[in-house]
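Taking it in order: structure first as structure tokens, then the write-up.
The values are calculated or read from the model by the stated rules, or taken from the named source; none is laboratory data. None of these values were measured; they are calculated from a predicted model. Positions of Cβ are generated from backbone atoms using ideal geometry, with glycine treated the same way; all protein chains shown enter the neighbour counts. All accessible areas refer to the heavy atoms of the entire protein, side chains included, with ligands and DNA or RNA removed. Shrake-Rupley method; radii C 1.70, N 1.55, O 1.52, S 1.80 Å.
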Amino acid sequence: MITPDALGPYLDPAAILIVAGGTIVATVLRTPLRDLGGGMAALATLPRHAFDATPLIDQIAALGRIARRHGVHTLDRSVIADADVAAAIAEIVDGATPADVTRLLDERRRARILREAGAADMWAGMAEVAPAMGMVGTLIGLVKMFLAMQDPTAIGAGMAVALLATLYGALIANLVAMPVAVRLRRRARAEAEERSRLVAPLAALADHERPRGSIVSAAA
């Protein structure tokens, strides 16, 4: 069992401040504000189960049955939690064509991919910066050590900063930032594939529920 006393030699406030603080500052400076917010908010999605489109497909089928019985305009009162499906249903109620619905879902998919890529890029950038900040801490520690060469009792403090800064940079990059970036990208790819399953049933619903008068007018 790891005790606080055992961890004591591996904790150095100066090295932590240099590496963690420098990594945070560099990440803030190189990342757009929107991506910073998205990157932090994305942490809340990591413990959740992977996105599954099956419940939404079942809901779309149920909405289709409601529309056939009571008319497509009754769908306007439906409670739909998913933003993409809700937007598509609103377009269908307004008489959108299957092509319109497909285009809407594609636009929302691209926008989601850009948001999720920005969040993942923030963490990947942090993984790039952390080792560099560790090297900065190492150089600072070496300078401190060389300045104290005439005082053997002060050499240890500089050496501790030099060695631990490199350690902290490697840990932040490889055990925190890069794993988060990889998981965010993997979840984004999986969700994009699942959401592609929504396009066909929503387009079919738009085709079935589109007012026939609009089809005649388009043909004329």
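Remarks
- Rounded tilt (10° steps) of 178-195 against the dominant C-alpha axis of the chain: 10 degrees
- Relative to the longest principal axis of the Cα atoms of the chain, the long axis of helix 54-70 lies at roughly 20 degrees.
- Length added when fully stretched, VAL176-ARG68, from 0.36 nm per residue minus Cα-Cα: 33.8 nm
- Approximate spin-label separation VAL136-ALA204, in nm, with each point projected 7 Å along Cα-to-Cβ: 5.6 nm
- Of all accessible heavy-atom area on the chain, the percent that carbon and sulfur account for (1.4 Å): 66 percent
- Spin-label pair ALA157/LEU36, simplified geometry with 7 Å Cα→Cβ offset, distance in nm: 3.2 nm
- Solvent-accessible surface of the chain, taken per residue with a 1.4 Å probe and all protein chains present: 59 Å².
- Residues of the range 170-202 with amide N under 20 Å of a point placed 7 Å along Cα→Cβ from ASP58: 191, 194-202
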